[in-house]
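Peer 1: Handing you this structure, nothing more for now.
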Amino acid sequence: APDAAPNPAPLGSGPDANAPPSGIKVIPVEQRSRDAFQGVAKVDGEAEDPALRSAKLAAGDALAILAFAAIGRGNHGEGMFFGDVLGTALPFLIGWFATAPLTGTFGEDARSTKTSNAAFAAAKGVIAGVPAGLVLRSIGKGAPPPVPFAIVAMVANGVLLVGWRTWFAGRGAGGAGAGGNKKGNPLEFMNL
């Protein structure tokens, strides 16, 4: 009959070439004498669109810089209206996004799900973007910032931006949890 299901391949004959990809790549285990070592199964979720991931990074970066401005204004008893906070954050936002092409703040490493790559990309952005923001703030205020403010701006923005980027990378491309390699028994998939 034309609608009959095809016969399954014999056990042990390997994967069906016509089957859709499962997203699981099994790397063979090493074997020495009679002892088998643990294998690694890599589960690849669908890759997130780089433009979408960059947009998420930009939104999170803007929120981190706005949080810096809001915390600073709150600590000094200044107005907390959004326009006030935005006015304080604006030179740092401009500095961050203007230096991004030079530092790779939204490049492949920044979009990576490897936390070390994402943290390093964010740190490079902080090293260039925050000083650029301080210069823009100085121009707007007509005077250089006090040294303690410059130090606090570097440290606080560094903690917020590198921390946020590291957290985001750790969540993986799918955003549901850390992806990547899972160490374990090569037959562990049977427990799924």
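The values are calculated or read from the model by the stated rules, or taken from the named source; none is laboratory data. Bear in mind that the values here come from a model prediction, so they are computed numbers and not experimental data. Counting neighbours? That spans all protein chains shown, and the Cβs are built from the backbone with ideal geometry, glycine included. Only protein heavy atoms, including side chains, enter the accessible area calculation; ligands, DNA and RNA are left aside. Shrake-Rupley method; radii C 1.70, N 1.55, O 1.52, S 1.80 Å.
Peer 1: Charges at C-beta only: +1 for Lys and Arg, -1 for Asp and Glu. How large is the resulting dipole of segment 50-176 about its Cα centre, in Debye rounded to 20?
Peer 2: On the way: 10 positive and 5 negative charges, 45 e Å.
Dipole about the Cα centre, nearest 20: 220 debye.
Peer 1: In addition: Asp109: accessible area at probe 1.4 Å, nearest 10 Å²?
Peer 2: Per-residue accessible area (Asp109): approximately 80 Å².
Peer 1: Going by accessible area, probe 1.4 Å, with all protein chains left in place, what is the ranking of Arg171, Arg165, largest first? List each step's numbers first, then the result.
Peer 2: Values: Arg171 85, Arg165 0 Å².
Sorted descending by solvent-accessible area, the residues read Arg171, Arg165.
Peer 1: In what order, largest first, do Leu86, Leu102 sit by accessible area if the probe radius is 1.4 Å? Intermediate results must be reported in sequence, preceding the final value.
Peer 2: On the way: Leu86 60, Leu102 150 Å².
So, going from the largest accessible area down, we get Leu102, Leu86.
Peer 1: In terms of solvent-accessible area of protein heavy atoms at a 1.4 angstrom probe, what is the ranking of Glu108, Glu78, Glu48, highest value first?
Peer 2: Details: Glu108 145, Glu78 90, Glu48 35 Å².
Heavy-atom accessible area, descending, gives Glu108, Glu78, Glu48.
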